[in-house]
1. Tally up the carbon and sulfur contribution to the accessible surface of segment 23-179 as a whole percent, 1.4 Å probe, everything protein left in place.
2. Quick check on segment 318-369: what does the Kirkwood estimate of hydrodynamic radius come out to from the alpha carbon pairs, in Å?
3. Any idea what angle helix 73-84 forms with the longest principal axis of the chain, computed on alpha-carbon atoms, 0 to 90 degrees, nearest 10?
4. Provide the FRET efficiency to the nearest 0.05 for the ALA125-GLU330 pair, computing r from the beta carbons and using R0 = 25 Å.
5. Roughly how many nanometres apart are two label points built 7 Å out from the Cα toward the Cβ at MET6 and ALA302?
6. Please list, ordered by chain and number, the residues whose modelled amide H lies under 5 Å from the amide H of CYS70; skip anything fewer than 5 residues away on the same chain.
7. Please list, ordered by chain and number, the residues whose modelled amide H lies under 5 Å from the amide H of ARG278; skip anything fewer than 5 residues away on the same chain.
8. Rounded to whole Å and sorted largest first, what semi-axes of the equivalent ellipsoid does the C-alpha gyration tensor of segment 19-246 yield via the square root of 5 times each eigenvalue?
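The values are calculated or read from the model by the stated rules, or taken from the named source; none is laboratory data. Quick caveat, the model's predicted, so the values are computed rather than measured. Ideal geometry is used to build each Cβ from the backbone, glycine not excepted, and the neighbour counts take in all protein chains shown. For accessibility, only protein heavy atoms count, side chains too; no ligands or nucleic acids. Shrake-Rupley method; radii C 1.70, N 1.55, O 1.52, S 1.80 Å.
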Amino acid sequence: MFAEDMVYLDANATEPLRPAARAAVLAGMEVLGNPSSVHGPGRAARKLLEEARETVAGALGATPAGVVFCSGATEADGLAVATLGKGRAVLVGATEHEAVRAAAPGALVVPVAADGRFDALMLEAMLSAAPPALVCLMAANNETGVRHDIAGAARICRAHGALLHVDAAQEAGRGLPRDWLRLGADSVAVSGHKMGGPMGAGALVLRAGLEIEAVLRGGGQESGRRGGTQALPAIAGMAAALADSAGYETARIGALRDEMERFCEGLGAVAAGKGAPRLANTLSLILPGVKAQSQLIMLDMAKIAVSAGAACSSGKVARSHVLDAMGFGEGAGQGIRVSLPWSVEADGVARFCAAYEAMARRALRGRAD
């Protein structure tokens, strides 16, 4: 738990828990049975699990049978790549999350334009030269918030007999139409804690008629597609968060993000992805000449919680492959990500702006000296 006076602006790492999700988690913890057991307590647990499945399916335009619960979007992405990519060439967007990149280390990379959106002509050319393929494109980028044209990608994939997997971890629960399957995606990965639910739950959502093989076999749970006892409290919390996020305040949050963007640009910052369709809550700021790690340290000392473009398990800040792919050169090591939570307030934005100004002036003055 962070200090009460800390301004939390790292929602793309994890959203604050929604009250409805907290209540659902606590209710789920009171259910004694295992969803796979046939006795009364087991049937009660199964009922809660299937209610959550129906909620997720309804929100994402899927059938309940198409929802495979797992531990999060990383597992869902890995499951999609391992099963749908079997026997196929795998193509991934240049700005994809590491969950997809690591699952397909030998994948062909689809380049992006300067605004972060995938290059449709290159995708078409690559699919023309490749055998049947699996294409992986995220709905919205975790660093810049830039949204891909999923409908356009789906049309290209269909024309070449390719499957399309969409990592929607950042877009689900952020006030946008959740219609990736209707747009032509074959599978979609979502994460509970990115939408205000608890950590430890996610789902791979499949279009009707598409089947996958289990990677974790276990006891045959999830209709034989993902073994292991389901994390019922976390799944219930994810479903509650997804339902509650229908009231996401896109206009209010977007206005606060735009206010921050204008202010920081006035101090010399560059906003990556500006001009492309973006998530309302996400702002990628490059401060030329100032390393991302230095910015984070100074902002953290001012009790502002943001993140850099990329981080490894050691906690060190790495150069952003997203900003590299967008052509920012040295700026790829000078970017931070500000991502507003669903609960953000104007006073938090004001505190960030004051802290960012002090940080920028101090850093740039030090560089001049």
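1. On the way: 3690 of 6100 Å².
So the carbon and sulfur contribution to the accessible surface is 60 percent.
2. This gives a value of 13.2 Å.
3. So the inclination is approximately 60 degrees.
4. Details: r = 30 Å, r/R0 = 1.19.
Using R0 = 25 Å, I get an efficiency of 0.25.
5. Result: 1.8 nm between the two label points.
6. Those qualifying (amide H under 5 Å, at least 5 residues apart or on another chain) are GLY202, ALA203, LEU204.
7. Excluding prolines and chain starts, which carry no amide H, the hits are ARG147.
8. Values: eigenvalues 198, 69, 36 Å².
In descending order, the three semi-axes are 31, 19, 13 Å.
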